[in-house]
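For reference, the structure is listed below as structure tokens.
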Amino acid sequence: MLLDPLDATGAAIEARRWVWPLLILAVCVSASGTAFSLRWDAGPAVVQQMQMTGKLERATETEISEEIQTASRKALVAGIAKGVFVMPFLTLVLAAALWVAAWLFDRTAPFGRLMSAAALAMLPIALYHLVFTVCALAQHSLTEARMQDLVPSSLAALEGLSPKMTKVLRGVDFFNLWSVVLMGLGFSSATGMRKGRAVLLCTVLYVLFVGVFFVGVPAMMAGGPGGPRGAGGPGGGR
């Protein structure tokens, strides 16, 4: 699928192969979350949070140390849970979105084929998390800011960008775009739509996703209660 998608996609969709791609995705995402928790320097983030809530002044060194250990354990559990539960659920949601798109364009396809298209499209994401795992384990320590740029796969890695533009350009990501192309090819094989049209459709859907979750939602959160008034800037990221 990753090396020869044009020929391999149709056979994989016909065979409705989605179990192994989902297992690969779950393992790779869980591994990246585990690697991050093992290398994450939680001290600065915990101290900053305690300082913002006013707990730092009355906390002892032992309590601060316990908070740091608790934050590391939470990061480990969250990383594994993301791989085991969140990513398979997102794949199911993606398959449902493809089913809606097929219905809108008057195309019919068994849901199993659309599920296979969604699962196979997540293989580049699994590859990203595998690369992230290797890179994270090679580090002595990681911060949350460093995590964003550990695998520079998007245009956000360019220098001289404003913070707002950096967040927007995280959507122009090699692995994400690779996934969009595979999703288009899978949708074409599942519904019979022409490959070029299917890839274009999935690209438009991805652009809408970036516009909503990388620009719209962060802008609403920035201008809402508790956020800086008038900030209205884009946000988000991988």
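The values are calculated or read from the model by the stated rules, or taken from the named source; none is laboratory data. All values derive from a computational prediction rather than experimental measurement. The accessibility values were calculated without ligands, DNA or RNA, using every heavy atom of the protein model including side chains. Shrake-Rupley method; radii C 1.70, N 1.55, O 1.52, S 1.80 Å.
Side notes on the structure shown:
- Scanning residues 5 or more positions from Ser154 or on other chains, those with amide H under 5 Å from its amide H are Phe174, with H placed 1.01 Å from N in the peptide plane.
- With contributions of -39500 (n - 2.57) from each DSSP H run of at least four residues, the per-residue ellipticity at 222 nm computed over the chain stands at -21500 deg cm²/dmol.
- Computed from Cα positions, the angle between helix 123-137 and the longest principal axis of the chain comes to roughly 30 degrees.
- Solvent-accessible area assigned to carbon and sulfur over the chain amounts to 66 percent, based on a 1.4 Å probe.
- Remark on the chain: Rg and Dmax equal 20.2, 65 Å (Cα only).
- Cα-based equivalent ellipsoid of region 45-131: semi-axis lengths in Å, sorted from largest, via gyration tensor: 44, 14, 9
- Within a Gaussian network of the chain (alpha carbon springs, distance under 10 Å), most fluctuating of Ala101, Ala71, Ala59: Ala59
- For region 102-177, the normalised intensity computed at q = 0.24, 0.25 Å⁻¹ comes to -1.11, -1.15 (log10 of I(q)/I(0), Debye sum over alpha carbons, equal scatterers, no solvent).
- GNM flexibility winner over the chain from Ala15, Ala121, Ala31 (Cα, springs under 10 Å): Ala15
- Put simply, the amide H of Leu142, placed in the peptide plane, has neighbours under 5 Å in Trp40, Asp41, leaving out anything fewer than 5 places away on its chain.
- Region 75-96-region 12-55 distance, computed between alpha-carbon centres (Å): 9 Å
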